[in-house]
There are 2 protein chains.
Amino acid sequence: MSFEEITPSEFFYRNRDLAGFTNPTRSLYFTVRELVENSLDSCESKGIKPELFVSIAIDGSEQQEEPRFYDVMVQDNGGGIPRRHLADAFGRVFYGSKFKLKQSRGMFGLGVTMAVLYGQATTNRPAFVASSVSGQRYYGYQLKIDVEKNRPVILRKFEGRAVGWRGTLVAVTVLGDYQRAESKIISYLEQTAMAAPYVTMIFRGPRGEDLRFHRVTDFMPKPPHEILPHPLGVDIEMLKKMIRAWKDRGDLAHFLTRSFQRVGGKTVQKLLERIDIPGSMEPGKLSEDQLQGLMSAIKSYEYFLPPDPSGLSPLGADLLEAGVRRMLNPEFLTISVRKPSAYGGHPFTVEVAVAYGGPRLKPGITVFRLANRIPLLYDESSDVTWKVLNNMDLSGYRIRSEHPIGVIVHICSTRVPYKTVGKEYIADRPEIEREIRLALRDAFRRLRVYLSRKETMAYRKKRASTYSKYLPLIAKFAAGLVGAKKPPPYEDLIPTLEREVLLVEEAA
Amino acid sequence: MSFEEITPSEFFYRNRDLAGFTNPTRSLYFTVRELVENSLDSCESKGIKPELFVSIAIDGSEQQEEPRFYDVMVQDNGGGIPRRHLADAFGRVFYGSKFKLKQSRGMFGLGVTMAVLYGQATTNRPAFVASSVSGQRYYGYQLKIDVEKNRPVILRKFEGRAVGWRGTLVAVTVLGDYQRAESKIISYLEQTAMAAPYVTMIFRGPRGEDLRFHRVTDFMPKPPHEILPHPLGVDIEMLKKMIRAWKDRGDLAHFLTRSFQRVGGKTVQKLLERIDIPGSMEPGKLSEDQLQGLMSAIKSYEYFLPPDPSGLSPLGADLLEAGVRRMLNPEFLTISVRKPSAYGGHPFTVEVAVAYGGPRLKPGITVFRLANRIPLLYDESSDVTWKVLNNMDLSGYRIRSEHPIGVIVHICSTRVPYKTVGKEYIADRPEIEREIRLALRDAFRRLRVYLSRKETMAYRKKRASTYSKYLPLIAKFAAGLVGAKKPPPYEDLIPTLEREVLLVEEAA
């Protein structure tokens, strides 16, 4: 038996399926997605309204058929990456700025580096990255990743005047199958624009396609910010790490109130009384047993306030509505936004939109899943949203299979519980399930009102037209019965009935 | 924006959901599973018939309710781990012996280390590992993992006389929920015994349960061995790595024939002619362009023999039958074993058993999924096997919803395309789908024969009993018709009909 150690680069290089890079179709999709999400995070974290240029071009190489080489490039107007971090940010696995308690699209700090690794493995081409923080000068690298050492190898350096451009540009050459990936990529961009209607994206495809998503609002939700951990979201290892980082800035009582959210002086007092440790102790001097006791006391403490949702940045009803209207232009739309909730010490919030009709929706229920403003397009049947939908009695809401209904579910969290590194779908935590269910119920109730009005209206319309048709005959017949020569003046009755229908239509 | 680098320990520590450690129930199950699989691999790779002792005990700590602390221990009689690797093998992420082209249960070199990490995070207890390679002396460590450095921290060392014991023992304390995990753990052990009927496992549960799976056969499939990569399973990075490892043991032609399977002198000649590189060149001197050219030539070469399946170690029809009989004791059982096939340069083979009736199967289809002899118990609906089943017309095989049917699918490969690090389910590669479909069709055809016989038999039985009932009356009536006083001797006819039914039953 021979043992060896491999680097994280090598691990993900060998097992790129784990990060979603399973075949040329999916890998081309994931490349676009990772680059776009990285750019959007970079803009939003600085409060900049994103303007992205996304391009996919056939690489001028030999292959005539799919799969073939594609140059994928994304340029943003974000905050840029400082020169000293630029090469590592794209050329080193587990190096990044995403290892924080903060709502962001990226979560694992892996995405773009995976795209660089995948490109390198399939095409042997280097990646090109360039950035400007100042807007004065840009700097860039042509680089590859040394997978055995997990570090970037810089092949060429570039530098020049940025002429006002601030942001980051990433270009990779990958083996892809655009023909098969096209519809997913377009859906991804469309739904990204739906989830972030303040974004402008210009997409240039390999056949010269030109798709433009212009922002429909100038309003941006406040940027998410980093938060202190909630005591219930922390385990013993994290506690130790926090104590090490605290060094000797104060005693235990101080440490606890300053390092955690929702922990005040009284809470600390009650906590420490239970385990009989003085608050004046130095946190670094706690024994293993005392640490363990503190952790147990935290886990069994009943009175913590729920996790602070201020680090969350949900879209809000108006932005969600603007986004959905642009994409689906539905006949009816209702939004349901839940208050923040929490699972295992992590705050989250659920926003739901339910749409009916319009030019895009087909009969049946179409689900659009979003998490921290990312559209999730693969492995839909495994997702928590379908689990909730499958357990609801939809006929109770007058929903029938021929109805064209769109269900948009957006989950925001400082920690979305994805089940895969590729962020394809969300685990079925009971707390999240519950919030989705409540939001859907609320929205479906309003949909039911709309659907019953629609039914009533259709019925009245039918009745009205029946009346209009038979009224002259009835009038004539009635006149005949009483022996009158002329029927009574019935004409006024018809407009009344039709007016009724019109009124009902307006009300809906 | 602040950047930082994290170690693989820290990554998987933070994102343990990715490796299946999502909650106390599932984590207890995964802990058992990872320890058992590690032990089985360790025995089988040495050709030793595994004898495992698996124990789960309530840790004598404060919690009275689930979830609480459990001590999980697995001891095997495998080859043992040399002293110099023991601490790293359990205390360092990405350190192991599984990074090879070889069929084994473990694939990512992560499992046991994840269990140690999870235990440490939830209970703050060290792990205990001990091993003996010689059978003379054992050595052991109490250790924790320094997640920020990704290395083991040894707290205590042990050493002593092994008294004939050779193998490895691992014990970890984890936060678990046995009440909820119990059925999964038992199913896991049962199905593991089904997939490896040459294994003996003794399980001691926390309430004193004592489950014994004794081997039902002494025959073990030949141990899987490491194979050279197939050219189609290699990409440019791997090619470079192989060239580096080759150093200067010979020219390019030599390198190609010695480093790959299925590549002989003629193939090399044809390959190199296409790209105009002399076989006498030193592989280390190839330029980037030449490497790229070589890779392209390999990818477009049409005449490679399919990947060598000799590294695979399928169960074979007999072992699979023995395993399924022990577990399900079905009324009818048929096996279908496919010839080896390949996807993307990796050999694989599919073995299928279809069972009907018996004491364990319930009405409907129950699927048992196995991959490299591992039972897969979670996320069944996402698996390729259900995808295939859902696309088959089962009524064509006379399968009805009330039939109690078991479908056992075993996939062996040097590289099982799992979609998650937790190895929950298998991606739907078209080549694998096809083999499963063909194996199922074959088995279902024989099931159909059995089911129709069964139907015919039931029909005859019914007919026979109808005859038996009416025969005396018919005889009497017939006698009356011809004016006879006594009916003809009809009694002999009844046994004949009943015998016919019995014969049919035997034939089935």
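The values are calculated or read from the model by the stated rules, or taken from the named source; none is laboratory data. Computed from a predicted structure; not experimentally measured. Don't worry about glycine lacking a Cβ; one is built from the backbone with ideal geometry, like all the others, and counts go over all protein chains shown. Note: areas computed on protein heavy atoms with side chains; ligands, DNA, RNA excluded. Shrake-Rupley method; radii C 1.70, N 1.55, O 1.52, S 1.80 Å.
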Identify the single condition in (1) within 25 Å of residue B:144 (Cβ to Cβ); (2) within 14 Å of chain B (Cβ to nearest Cβ); (3) surrounded by fewer than 17 Cβ atoms within 10 Å (Cβ to Cβ) that residue A:242 does not satisfy, given that it satisfies every other one. (3)
Return the residue satisfying two criteria in turn: it lies in the range A:241-273 and is closer than 13 Å to residue A:229 by Cα and either in contact with a strand residue (DSSP E or B) (Cβ under 7 Å, 6 or more places away or on another chain) or part of a loop (DSSP other than H, G, I, E, B) (or both), and of such residues it is modelled with the lowest pLDDT. A:262
Among the residues of the range A:381-401, is any closer than 19 Å to residue A:194 by Cα and either open to solvent by 10 Å² or more (accessible area, probe 1.4 Å) or out of contact with any strand residue (DSSP E or B) (no Cβ under 9 Å at 6 or more places or on another chain) (or both)? no
I need a count of the residues in the range A:1-38 that are within 10 Å of chain B (Cβ to nearest Cβ) and in a loop (DSSP other than H, G, I, E, B). 9
Looking at A:399, A:365, which is the one that is in a loop (DSSP other than H, G, I, E, B) and away from chain B (no Cβ under 14 Å)? A:399
Can you name every residue in the range A:93-116 that is in contact with an Asp or Glu (Cβ under 8 Å, 6 or more places away or on another chain), at pLDDT 90 or above and under 14 Å from residue A:8 (Cβ atoms)? A:114
Would you call residue B:330 more than 17 Å from the chain's Cα centre (by Cα) and assigned by TED's automatic domain parsing to the domain that holds residue B:264? no
Can you report the number of residues in the range A:177-233 which are closer than 30 Å to residue A:310 by Cβ and either free of Cβ contacts under 8 Å to residues at least 12 places away in the same chain or hydrophobic (A, V, I, L, M, F, W, C) (or both)? 13
Could you look through the range B:19-40, keep only residues that are aliphatic (A, V, I, L, M) and touching a Gly at 6+ places or on another chain (Cβ under 7 Å), and pick out the one that is farthest from residue A:238 (Cα to Cα)? B:28
Check off (1) open to solvent by 60 Å² or more (accessible area, probe 1.4 Å); (2) closer than 30 Å to residue A:409 by Cα for residue A:207 and give me the number that stays unchecked. (2)
Looking only at residues that are of a type in the set (Gly, Ala, Ser) and outside any helix (DSSP H, G or I) in the range B:117-134, which one is nearest to the other protein chains (Cβ to nearest Cβ)? B:131
Restricting attention to the range A:50-64, does a residue exist that is within 22 Å of the chain's Cα centre (by Cα) and at the interface with another protein chain (Cβ under 10 Å from one of its Cβ atoms)? no
Please work out which residue is farthest from residue B:5 (Cα to Cα), limiting yourself to the range B:118-141 and to residues that are within 32 Å of the chain's Cα centre (by Cα) and open to solvent by 50 Å² or more (accessible area, probe 1.4 Å). B:134
Inside the range A:369-380, can you point out the residues that are over 8 Å from the mean Cα position of the chain (by Cα) and either open to solvent by less than 20 Å² (accessible area, probe 1.4 Å) or farther than 23 Å from residue A:315 by Cα (or both)? A:379
Go through the range B:408-431 and give me each residue that's more than 10 Å from every other protein chain (Cβ to nearest Cβ) and buried (at least 23 other Cβ atoms within 10 Å of the Cβ). B:408, B:409, B:410, B:411, B:412, B:413, B:414, B:423, B:426
How many of the residues making up the range B:212-238 are of a type in the set (Phe, Trp, Tyr) and open to solvent by less than 80 Å² (accessible area, probe 1.4 Å)? 1
Residue A:275 - would you say it is farther than 25 Å from residue B:149 by Cα and either buried (at least 16 other Cβ atoms within 10 Å of the Cβ) or touching a residue at least 40 places away in the same chain (Cβ under 8 Å) (or both)? no
Residues of the range B:1-36 classified as surrounded by fewer than 24 Cβ atoms within 10 Å (Cβ to Cβ) and closer than 30 Å to residue B:134 by Cα, total: 0
Please go through the range A:278-292 and give me each residue that is surrounded by 17 or more Cβ atoms within 10 Å (Cβ to Cβ) and within 11 Å of chain B (Cβ to nearest Cβ), ordered by number. A:291, A:292
Condition first: touching a Phe, Trp or Tyr at 6+ places or on another chain (Cβ under 6 Å) and loosely packed, with under 15 Cβ neighbours inside 10 Å. Now tell me which residues in the range B:245-272 satisfy that. none
So which pairs qualify, if the first residue must be in the range A:435-457 and outside the structural domain of residue A:392 (by TED's automatic domain parsing), the second must be among the charged types (D, E, K, R) and part of a helix (DSSP H, G or I), the Cβ gap must be under 8 Å, and the two must be at least 6 apart or on different chains? A:457/A:505
Any idea which residue in the range B:150-168 is nearest to the chain's Cα centre (by Cα), counting only those that are within 12 Å of chain A (Cβ to nearest Cβ) and open to solvent by 70 Å² or more (accessible area, probe 1.4 Å)? B:151
Going by the structure shown, is residue B:320 within 14 Å of chain A (Cβ to nearest Cβ) and either in contact (Cβ under 8 Å) with a residue 24 or more places away in the chain or not in a loop (DSSP other than H, G, I, E, B) (or both)? no
Residues in the range A:192-208 that are under 13 Å from the mean Cα position of the chain (by Cα) and hydrophobic (A, V, I, L, M, F, W, C) total 4
Could you please tell me which pairs satisfy a Cβ distance under 7 Å, a separation of 6+ or placement on different chains, a first residue in the range B:292-308 that is among the aliphatic types (A, V, I, L, M), and a second residue that is in a helix (DSSP H, G or I) and open to solvent by 30 Å² or more (accessible area, probe 1.4 Å)? B:294/B:275; B:297/B:274; B:297/B:275
Some residue of the range B:432-448 being within 14 Å of chain A (Cβ to nearest Cβ) and within 30 Å of residue A:378 (Cβ to Cβ): yes
Exactly one of these conditions fails for residue A:325: (1) modelled with pLDDT of 85 or more; (2) more than 14 Å from chain B (Cβ to nearest Cβ); (3) outside any loop (DSSP other than H, G, I, E, B); (4) out of contact with any strand residue (DSSP E or B) (no Cβ under 8 Å at 6 or more places or on another chain). Give me its number. (4)
Test set (1) away from chain A (no Cβ under 14 Å); (2) at pLDDT below 95 - residue B:345 fails condition number: (1)
